[in-house]
Amino acid sequence: MKTRVQGSVLFWLWLPLALSFTLMMLESPVTNAALARFAEPSVQIAGFGVALGLSLLIESPVIMLLATAIALVQGRESFFAVLRFVLTLMVSLTMLTALIAFTPLYDGIALRVLGLPVRVAEAGRGAMQAMLLWTAAIGWRRFLQGVLVRYGKAQFVTWGTAIRLATITAVAVALLRWNGLPGAVAGAWIVMAGVLVEAAVATLFALPVLRERVLPHREATPTLTQRAIWRFHLPLAGTTLLTLLVHPLTAAALARLPQPELAIAAWQVVFGSLLAVRSWGFALQEVSVAARQQGIAERALYAFTGKVALGTTLALGLLALTPLAGLFTGRVLALEARLASPVVFGFQMCLLLPALTAYGSTLRGLRIAAKQTAVVYWGMAVNLLVNALGLVVGVALARALGAQSVQASLLVGVAAFQLAALAEIVYLRRGRAPTAS
């Protein structure tokens, strides 16, 4: 009976976050569907993907602010301490974005380090410039969403994400009708509109919680210091940084394989589309943190994770192995035939990914709840190392075998990605963070 009750609690804790993640991850298919209707769709989708990947990399220190806020905000003093920390990150990372997007540093990264085709790099430059305030908006709303979840208002996170998706869809339709911008830049404005609106909505939803429950509560414990926040958050930020390094690394690998423009575009569509399916698993990280704070047993968490893993795997199988694949790529995304075929192939090669996402998220959440954020960091380091090695070996094998198809190029990326996720799960289950000698 106790397990059943805990399972019910987990479901209602998970559902609003899962819906929020799903709505948020639908952003990528909506944006790709819009870009597919612009001129030179493969180049523009690839260019937008590069700009998004670099912006996400810069953004990495703020993504885990949701988990940090859940764990550290206990009242008035801790709220203002974390707020100061958040504002410092927002300003610093916006300055870094400007340095890369508006100087020759972008050419060095895109052309020399990543080795991108010139047309893809140029398409990405304007998109990245349009995303100047991306990190600041994401950081602000992740912080306030963490406060909402911490105080039992996770449903407002879902509403905010729904409003964001509606904004993205409306802006995409408007830009398609106007059609005066390059596709990659239009994609940047589409996603920027969404995050700015969501940040504003998160502020409106959070204000009553702050007035009624956070700010009136004076904490008896010592004030949370900036050093203590850094000590807690830095491993989480490092984890996200390592996570997002995967995307430019994969782009760099695909740029060195046959038909690079098409391969990078196909990777962007496959990865972006699968985010919607994997979103059910992503939500388990925050659920695990909150569940452990409520005393829910790990056994119940693992049982619930198994159900989420099975459901997401079946959902992807339905998309990848039935006529729905052609309907989705042809009608919904409106992909040209030479891009649609490798995208469907990519879906089929990623059938293990939803389950890996679910178990990895739960294990990270359990480590965060136990204040073992260093283990989370090293787990992601293992992930990145295995992914990088997989890409190097895959590129070498593809060249040695004389592979010429886009499918062969894409297989290198998706195989390395899934192998790395499995390696991280093994480490999170059994590993310990290295200690200083």
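Annotations
- Using the empirical formula 2.2 N^0.38 Å as the baseline, the Cα radius of gyration of region 167-304 reaches a ratio of 1.47.
- Charge dipole (debye, nearest 20) of region 234-337; +1 at Cβ of Lys and Arg, -1 at Cβ of Asp and Glu: 220
- Our estimate of slack between residue 327 and residue 39, defined as 0.36 nm per intervening residue step minus the Cα-Cα distance, is 101.5 nm.
- Region 149-249, accessible surface, carbon-and-sulfur percent (1.4 angstrom probe): 68
- The charge dipole of the chain, taken about the Cα centre with unit charges on the Cβ atoms of Lys, Arg (+1) and Asp, Glu (-1), comes to about 1080 debye, rounded to the nearest 20.
- Extension gain for residue 170 to residue 74 (0.36 nm times residue separation, less C-alpha to C-alpha distance): 30.8 nm.
- Largest-first principal axis extents, alpha carbons of region 184-223, Å: 51, 22, 6
- For region 86-97, the Karplus equation 6.51 cos²θ - 1.76 cosθ + 1.60, evaluated at θ = phi - 60°, returns couplings of 4, 5, 4, 5, 4, 5, 4, 6, 5, 5, 5, 4 Hz by residue, with Gly and Pro reported as x.
- Nearest-0.05 FRET efficiency for residue 98 and residue 220, computed from C-beta distance (R0 30 Å): 0.10
- Simple label model, 7 Å out from Cα along Cβ direction - residue 314 to residue 397, nm: 3.2
- At 0.692 mPa s and 37 °C, Stokes diffusion of region 63-104 via Kirkwood alpha-carbon radius, µm² per second: 282
- Charge dipole (region 260-393, unit charges on Cβ, about Cα centre) - positive-most of 324, 273, 301: 301
- Of 404, 145, 372, the one that fluctuates the most in a GNM where the chain has Cα springs shorter than 10 Å: 404
- Distance between the 7 Å Cα→Cβ label points at residue 207 and residue 422: 5.1 nm.
- Alpha carbon Rg of region 299-432, scaled by the compact-globule rule 2.2 N^0.38 Å: 1.22
- Phi angles of region 378-385 translate, via the Karplus equation with coefficients 6.51, -1.76, 1.60 and θ = phi - 60°, into HN-Hα couplings of 5, x, 6, 4, 4, 4, 5, 4 Hz per residue; Gly and Pro are given as x.
- When the charge dipole of the chain is built from unit charges on Cβ atoms (+1 for Lys and Arg, -1 for Asp and Glu) and taken about the Cα centre, the candidate among 82, 130, 64 whose Cα reaches farthest toward its positive end is 82.
- Dividing the C-alpha radius of gyration of region 288-374 by 2.2 N^0.38 Å, with N its residue count, gives 1.45.
- Net charge contributed by nearby residues that have their C-beta within less than 15 Å of residue 334 (K/R +1, D/E -1): +1
- Accessible-area order (highest first, 1.4 angstrom probe) of the listed residues 261, 122: 122, 261
- Share of carbon and sulfur in the accessible heavy-atom surface of region 320-415 [1.4 Å probe, %]: 70
- Whole-number accessible area per residue in Å² for region 27-135, which is evaluated in the context of all protein chains at 1.4 Å: 33
- Taking 37 °C and 0.692 mPa s as conditions, the chain diffuses translationally at an estimated 149 µm²/s according to Stokes-Einstein applied to its Kirkwood radius (Cα pairs).
- In sequence order, calculated HN-Hα J values of region 291-306 (Karplus, 6.51, -1.76, 1.60; Hz; x Gly/Pro): 5, 5, 5, 8, x, 6, 6, 4, 4, 5, 4, 5, 5, 5, 4, x
- Which of 190, 63, 163 is most accessible, then next, and so on - probe 1.4 Å: 163, 63, 190
- FRET E, pair residue 334, residue 133, Förster distance 25 Å, beta-carbon r, rounded to 0.05: 0.30
- In region 1-128, inverting the average of 1/r over every pair of distinct C-alpha atoms gives 17.9 Å as the Kirkwood radius.
- Calculated on C-alpha atoms, the gyration radius of region 118-228 divided by its Kirkwood radius gives an Rg/Rh of 1.13.
- Largest-first ordering by accessible area, 1.4 Å probe, given options 207, 335: 207, 335
- Magnitude of the charge dipole for region 91-196, about its Cα centre and with charges confined to Cβ atoms of Lys, Arg (+1) and Asp, Glu (-1), is about 320 debye.
The values are calculated or read from the model by the stated rules, or taken from the named source; none is laboratory data. Worth saying up front: this structure is predicted, and the values here are computed from it rather than measured. Neighbour counts are summed over all protein chains in view; Cβ atoms, including those assigned to glycine, are modelled from backbone coordinates with ideal geometry. What goes into the accessible areas is simple: the full protein's heavy atoms, side chains included, and nothing from ligands, DNA or RNA. Shrake-Rupley method; radii C 1.70, N 1.55, O 1.52, S 1.80 Å.
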